[in-house]
Every structure is written in C-alpha cells, then in structure tokens.
Amino acid sequence: MTTQYSPLGQRLILLGMILFMIGLLTGFVSGTFENPRMGISAHLEGLMNGTFLAVLGLFWHRLALSPRASLIAFWLVVYAAFGNWLGVLLGGLWGAGASVMPIAAKGLTGTPIQEGIIGFLLISISVTMVLGVAMIIWGLWRAKNQG
C-alpha cells in the first residue's frame, strides 16, 4: 500500500490511535480509581492526546523541518501525549497529585515518591509539549513561506 504520509507521520497516526484506545479503556475502569474524578481526566487525556497525535500524523509530511528537528519534535509530542495520560492516571489510581493538580486531586496527596513521579511527569510534559508544538508551528510556517 502506498501512502503520501511520511514514516514519522504514519507512526504518529498509529501511536495516536493506540493512545486513543488506551483512553477508551481507561474510561471503563476510571470509576474504580482512588480518585474517580482524575480517572475520568485520564480517560479524556487519552482521547484528546490520541486524537492530537493522529491529526499531527496526517500533516507531518508538510512540515519544513530538517530530519533531526522532525525527529526531535516527534519525540517531544509523543512523550508529552503519553506522559500526560500516565501522570493523570497515576494520580487517579494513587489518590495523589494535589501538589501539581490541586483541583483535580481534590486535596488528595500521595507519598512523596508518588507526588514526585506525578509532578515530574506533568511538569516535564508541559515543557516538552510547548517545545514540540512550537517546532511544529515553525515547520508549518517555513513550509508556507517556501511554497
């Protein structure tokens, strides 16, 4: 089968659909979490970030980025999408996360290690997602100006 999509674009579509499925499955069990509200948030993060990755894959071949920059942007957004789901999922499972998500965590605080893991994931994904999206915007901008 031939396709117009780049290999990284095809991978983004696949990873996006995998994360979307993980989000769907998370929805089935979110009510059993220590904090069901964060379980629903993890469900929605999987759906939204999975959709985001799949949509990115559809136009990835249009980015005017060097192969190295394209690979860096790819891994930044993939890490951020999956890390976002995982951080919120762990908060819901553990009944933790008040240090970084006080409203969603409803004041539930985990052990220092749990809070550290959740905090690391959610703070690092904030930075990586902003950098990855900035690189994608730059690649779209350059493509617009080249064509």
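Just a few scattered comments:
- For region 63-96, the tally of residues that are under 19 Å from Ala134 (Cβ atoms) and either at pLDDT below 95 or touching an Asp or Glu at 6+ places or on another chain (Cβ under 8 Å) (or both) stands at 1.
- Count of region 61-93 residues which are buried (at least 22 other Cβ atoms within 10 Å of the Cβ), closer than 21 Å to Ile22 by Cβ and not β-branched (Val, Ile, Thr): 9
- Of the residues making up region 1-28, those that are within 24 Å of Leu58 (Cα to Cα), surrounded by 14 or more Cβ atoms within 10 Å (Cβ to Cβ) and without any contact (Cβ under 8 Å) to a residue 40 or more places away in the chain are Met17, Ile18, Phe20.
- One residue from Ile125, Ile137 being within 28 Å of Phe33 (Cβ to Cβ) and out of contact with any Lys or Arg (no Cβ under 7 Å at 6 or more places or on another chain): Ile125
The values are calculated or read from the model by the stated rules, or taken from the named source; none is laboratory data. Since we're looking at a predicted model, the values are computed, not measured. Positions of Cβ are generated from backbone atoms using ideal geometry, with glycine treated the same way; all protein chains shown enter the neighbour counts.
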